[in-house]
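Here the structure is laid out as structure tokens; the discussion comes afterwards.
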Amino acid sequence: MSFLSLSHVSKRYGAVEALHDVSLTLPKGGRLAILGPSGSGKTTLLRIIAGFEAPGTGTVLLDGEVLVDANQHVPSHRRQIGIVMQDGALFPHLSVADNVGFGLAHGLAGRASKIKELLVMVGLDPALGSRSPDALSGGQQQRVALARAMARAPRLMLLDEPFSALDATLRDTTRKAVSTLLQVAGITTILVTHDRSEALSFADQVAVMGHGHLLQQGTPQGLYRHPANKLVASALGDAIVLPARIAEGMAHCALGKVAVNDKTARLDAEILLRPEQVKLTDPLTGPIGTVIECDFAGPFCAVTVRLDGGYALHMRQSSFNAPAQGARVGFSILGCAHIFTV
Amino acid sequence: MNGLTRMMAAVALLISIAALVPLGFVGWVGLQAGWQMVATLVLRPRVAELLLNTALLTVATVPICAVLSIALAWLTERSDLPGARFWAWLAVAPLAVPAFVHSYAWVTVAPGLHGLGAAVLVSVLAYFPFVYLPVAATLRRLDPALEDNAAALGLAPWQVFRRVVLPQLRLALCGGALLVGLHLLAEYGLFVMIRFDTFTTAIIDQFQSGYSGPAANMLAMVLVVCCLVLLATDAAARGTTRYARLGSGAARTQPLTPLGSALLPCLLVPVITAGLTLGVPLATLGRWLAIGGAGIWKLDEIGGALGQTLMLAIAGGALTVAAAIPMAFVSVRAPGLIQRVLEASNYIAGSLPGVVVALALVFITVRVALPLYQTPVTVIAAYVLLFLPRALLSLRASIAQAPVDLEHAAASLGRNPLGALWAVTIRLAAPGAAAGMALVALGITNELTATQLLAPTGTQTLATAFWAYSNEIDYAAAAPYAVLMILFALPLTWQLHTQSQRAAGR
């Protein structure tokens with residue numbers, strides 16, 4: 001039984017179709033990352049779930065309750081859905097403690113201690129409560145925004161690129177802290193992001209969006225290894241896509257014979273290899289290429305190899321055994337290639 | 001501080017000292033009179049009555065202006081009201097009608113109108129745009145993410161408005177309310193016409209009925225205290241809370257709330273407001289123009305008043321802007337505590353009622369510079385003191401946009417400091433200076449009290465001519481002057497409107 005389910009949700013802004021027939025489900029306690037470039041419709045989807053916007057058509061159900069369908073629209077203040085936005089959207093006229101306590105009733109017994117608990121829970125010193133939000137760093141502001149959303153024990157937590165305004169180190173630590181916290185609290189969560197590593201490490205389900213369409217939903221590993229098409233494949237990581245002929249249980253392509261996961265014979269297949277599956281070897285057997293570019297980037301080198309057949313491949317190679325520009329190289333393949341089903 | 005800045009600072013200091021003359025005058029008069037005299041002249045029923053009038057007027061007018069402005073601002077900025085831009089412009093347009101023309105119109109429509117109720121009605125209609133403008137601008141710039149978050153935290157729409165939107169409007173409301181309050185203290189014509197006594201009307205009464213100097217001066221002292229109380233209340237009400245948006249990036253554009261079935265009653269709010277604020281004055285003027293026919297257009301007389309007004313407005317405007325340049329320059333280029341105090345003294349002087357400034361100048365010219373009494377020099381000096389803040393605000397903003405690097409570049413290309421200032425900063429600040437000059441000129445065109453008290457005998461401006469005719473109950477003959485004042489002011493209110501629209505990127 002799915003906890004959150006969206007079916008056939010569409011939304012237009014004038015001539016622009018922001019969402020096209022999106023359906024997705026999420027089990028209770030699940031963690032879904034919605035991944036997509038800007039303009040792909042992911043934030044619109046989140047705003048529809050939060051109730052800030054109404055879809056043109058489609059239904060949204062949460063825990064068996066209809067939030068939106070053709071006849072009704074539960075306003076956001078009755079949904080009990082928490083949200084943390086890109087830059088926190090803290091109320092500038094209220095102190096940190098008043099921000100956290102904003103959703104708590106004023107007469108609530110133990111309100112002050114509850115606010116302190118929440119601040120401690122998100123890893124902040126309760127003494128910060130009397131400060132004003134602009135006295136906090138970006139990471140601290142995001143933690144306050146999270147505490148504020150957690151105060152009402154939301155049924156569902158929406159995170160709208162909450163880490164993207166933070167610098168790289170802070171982003172990783174804040175993300176881990178938030179992730180652990182939500183997991184411990186058992187709160188069903190949706191994270192919207194355009195950062196693929198963030199999506200893969202945060203979620204147990206990933207949905208990839210592009211141009212208002214939900215392209216594919218699945219586990220991070222499943223989507224990474226077996227994407228439905230090239231868009232999904234490149235959304236989740238660097239991809240080497242080659243045309244191939246499948247025969248005798250192998251793919252025949254520019255890299256020679258490669259093992260595949262689907263052995264059905266086909267003439268016009270396309271196969272996917274992740275760059276880390278391809279190792280450069282001495283040019284002994286099989287296809288051979290020439291290194292045309294080798295950029296040093298510290299621990300690895302970004303190597304571009306032009307196959308004698310004409311294809312150019314981009315891959316990473318440990319910088320300790322990186323080939324020199326102009327070197328002749330051969331290839332060995334780790335594991336199976338994935339065949340796109342058309 | 002380089003030589004140029006030091007020179008500017010010296011001039012700014014002199015001008016700030018001059019700006020404090022009216023305050024000094026009030027203090028000096030108090031000291032001179034001695035406690036006994038002050039007590040007899042201030043602690044009397046008449047002063048208590050005037051204080052009560054002023055307090056009641058302020059307490060009634062300001063909240064009504066606030067409520068009306070918030071309602072109109074919400075309707076024009078945040079709802080799907082049809083023709084919202086048009087109604088927004090009509091909410092600013094009443095500023096083009098001088099306050100005393102508002103009450104002239106109402107006295108024509110309802111001759112029995114007088115007392116507190118009438119004073120509140122006409123004051124609200126004449127002054128609410130001072131609150132509407134900042135409130136609408138703030139409402140437009142609010143980040144809707146805050147309201148989204150409040151809704152996600154379980155607040156119903158009305159609670160969101162009360163707990164998130166309204167607190168964000170606080171600075172705008174304070175600023176607007178202060179302006180309205182200061183105008184209520186300073187206004188003369190509006191209240192005389194509907195027979196409501198305030199300190200300003202009483203002071204001019206005293207002054208004109210046989211020049212009762214000490215009595216008028218004591219009333220001016222109480223008036224200045226009222227003015228300082230308003231300024232202090234405003235400073236306290238502003239508080240120290242931060243309202244600027246946190247975080248980076250641009251805010252999402254605001255969704256418009258559909259009015260649905262409430263559309264018709266909502267539409268009545270701007271329609272009725274525009275009817276009362278613009279319809280009544282325009283219809284009245286139209287009626288008097290029709291009644292007066294061609295006979296009221298005494299072109300030589302009107303031309304004379306127009307010429308004198310233009311002369312005073314242009315000379316006063318140019319001089320005020322020139323006087324504001326050093327202060328604006330110093331406060332942008334070398335900000336510091338002393339500079340802030342100097343600047344604040346200019347603003348305080350500018351918030352004093354015209355009648356106080358006029359009395360101070362009368363007092364000083366009569367005592368120490370009699371040849372200057374009732375000459376254009378004195379009246380223009382009064383204009384400079386009264387309208388310096390208007391010029392200062394416009395200039396500051398535009399000088400701040402001319403970076404000092406450009407002046408340095410000009411210096412490296414061989415200009416001396418004054419030459420560089422003139423070639424770069426003054427040129428770049430010219431639009432701001434022009435806007436400031438226009439604001440000052442408009443203020444002078446509609447100025448009544450200081451002009452009446454200080455201008456050379458025989459001076460006739462549009463405002464004083466209008467006032468003279470309407471005092472003789474020759475309302476028809478007064479109408480052309482009112483029309484001319486409104487025509488002068490219209491482009492400026494249009495500019496205020498578009499400026500606030502542009503600030504929000506519309």
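Tabulated data
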quantity	calculated
For chain B, diffusion coefficient by Stokes-Einstein and Kirkwood Rh (Cα), 4 °C, 1.567 mPa s, µm²/s	53
Base-10 log of normalised Debye intensity for region A:76-156 (one unit scatterer per alpha-carbon) at q = 0.14, 0.23 Å⁻¹	-0.40, -1.10
Between region A:192-226 and region B:88-122, the alpha-carbon center distance in angstrom	64
Amide H partners (placed H, <5 Å) of A:Ile34, local residues excluded	A:Leu191, A:Val192, A:Thr193, A:Ala207
Cα-only radius of gyration and Dmax that characterise region B:155-310, units Å	23.6, 66
Inter-label distance, nm, simple model (7 Å from Cα along the C-beta direction), A:Tyr311/B:Arg46	10.3
3J(HN,Hα) from dihedral phi, region A:286-291, Karplus parametrisation 6.51/-1.76/1.60, rounded to Hz, x for glycine, proline	x, x, 10, x, 10, 6
Assigned charges on the beta-carbon of Lys, Arg, Asp, Glu; region A:257-342 dipole about Cα centre (debye)	160
Alpha-carbon Rg/Rh ratio, for region B:64-138, with Rh computed the Kirkwood way	1.03
Sequence-distant lysines (8 or more away, or on other chains) whose Cα lies within less than 24 Å of A:Lys11	A:Lys42
B:Leu116/B:Ile473 FRET efficiency (R0 25 Å; Cβ-Cβ; nearest 0.05)	0.60
Candidate aspartates and glutamates - alpha carbon under 12 Å from A:Lys230, same-chain residues fewer than 8 apart omitted	A:Asp238, A:Glu270
Hydrodynamic radius by Kirkwood, which averages 1/r over all alpha carbon pairs of chain A, in angstrom	22.7
Cross-link reach list, aspartates and glutamates versus A:Lys28, counting only Cα pairs under 15 Å and skipping chain neighbours closer than eight places	A:Asp63, A:Glu65, A:Asp204
Two-decimal Rg/Rh across the protein assembly as shown, once Rg and the Kirkwood Rh are taken from alpha-carbon atoms	1.11
B:Met311 versus B:Leu31: modelled label distance in nm, points set 7 Å from Cα along the beta carbon direction	3.9
Sites B:Ile338 and B:Arg252, calculated FRET efficiency, Cβ-Cβ separation with R0 30 Å, nearest 0.05	0.10
Rounded accessible area per residue of the protein assembly as shown, 1.4 Å, Å²	43
Area accessible to solvent at A:Tyr311, 1.4 Å probe radius, in Å²	90
Euclidean distance between Cα centres, region A:235-310 to region B:9-42, Å	90
Region A:67-88 and region A:43-59: distance between their alpha carbon centers, rounded to Å	8
Counted charge near B:Ala476, where neighbours are those whose Cβ lies closer than 12 Å (Asp, Glu -1; Lys, Arg +1)	0
Under the Debye formula (equal points on every Cα, no solvent term), log10 I(q)/I(0) of region B:287-377 at q = 0.12, 0.13 Å⁻¹	-0.66, -0.74
Candidates per trypsin sites (Lys or Arg not before Pro) in region A:1-90, loop by DSSP, up to 14 other Cβ within 10 Å	A:Lys28
Total formal charge among the other residues, if their Cβ is under 11 angstrom from that of B:Gly436, Lys/Arg +1 and Asp/Glu -1	+2
Directionally averaged projected area (convex hull, Cα atoms, region B:3-159), nm²	17.8
Kirkwood Rh in Å, taken over all unlike Cα pairs in region B:429-506	14.3
Area hidden from solvent between A and B (accessible, protein heavy atoms only, 1.4 Å, total, Å²)	2300
Spread of Cα-to-Cα distances over 10 Å intervals beginning at zero, given as percent, for region A:49-199	11, 39, 34, 14, 2
Volume of the Cα convex hull of region B:358-506, divided per residue and given in Å³	155
Near-label residues of region B:12-55 by backbone N, under 11 Å of a point 7 Å along Cα→Cβ of B:Arg367	B:24-33
Largest to smallest accessible area among B:Leu395, A:Leu231, A:Leu170, B:Leu43 [probe 1.4 Å]	B:Leu43, A:Leu231, A:Leu170, B:Leu395
Structure-based [θ]222 nm, the protein assembly as shown - -39500 (n - 2.57) summed over DSSP H runs of at least 4, per residue, nearest 500	-17500 deg cm²/dmol
Whole-number percent relative contact order across region B:286-413, with pairs defined as alpha carbons under 8 Å at least 6 apart	37
Loop trypsin sites (Lys or Arg not before Pro), region A:184-276 (other Cβ atoms within 10 Å of the site Cβ: 16 or fewer; DSSP)	A:Lys263
Semi-axis lengths (Å, descending) of the ellipsoid that matches the C-alpha gyration tensor of region A:113-202	21, 16, 10
Portion, in percent, of the accessible area of the protein assembly as shown that falls on carbon or sulfur, probe 1.4 Å	64
Taking only Cα atoms of region A:160-234, radius of gyration then Dmax in Å	13.0, 36
Coarse-grained scattering of region B:312-443 at q = 0.12, 0.17 Å⁻¹, given as base-10 log I(q)/I(0) from a Debye sum over alpha-carbon atoms	-0.52, -0.90
Gain upon complete extension [A:Phe300, A:Tyr13; 0.36 nm per residue less C-alpha separation]	98.8 nm
Reference-scaled alpha-carbon Rg (2.2 N^0.38 Å with N residues) for region A:242-342	1.10
Hull-based mean projected area of region A:137-287, where the convex hull spans the alpha carbons, in square nanometres	12.3
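The values are calculated or read from the model by the stated rules, or taken from the named source; none is laboratory data. If you're wondering where the values come from, they're calculated on a predicted model, not measured in any experiment. Don't worry about glycine lacking a Cβ; one is built from the backbone with ideal geometry, like all the others, and counts go over all protein chains shown. Areas reflect the complete protein model, heavy atoms only, side chains present, ligands, DNA and RNA absent. Shrake-Rupley method; radii C 1.70, N 1.55, O 1.52, S 1.80 Å.
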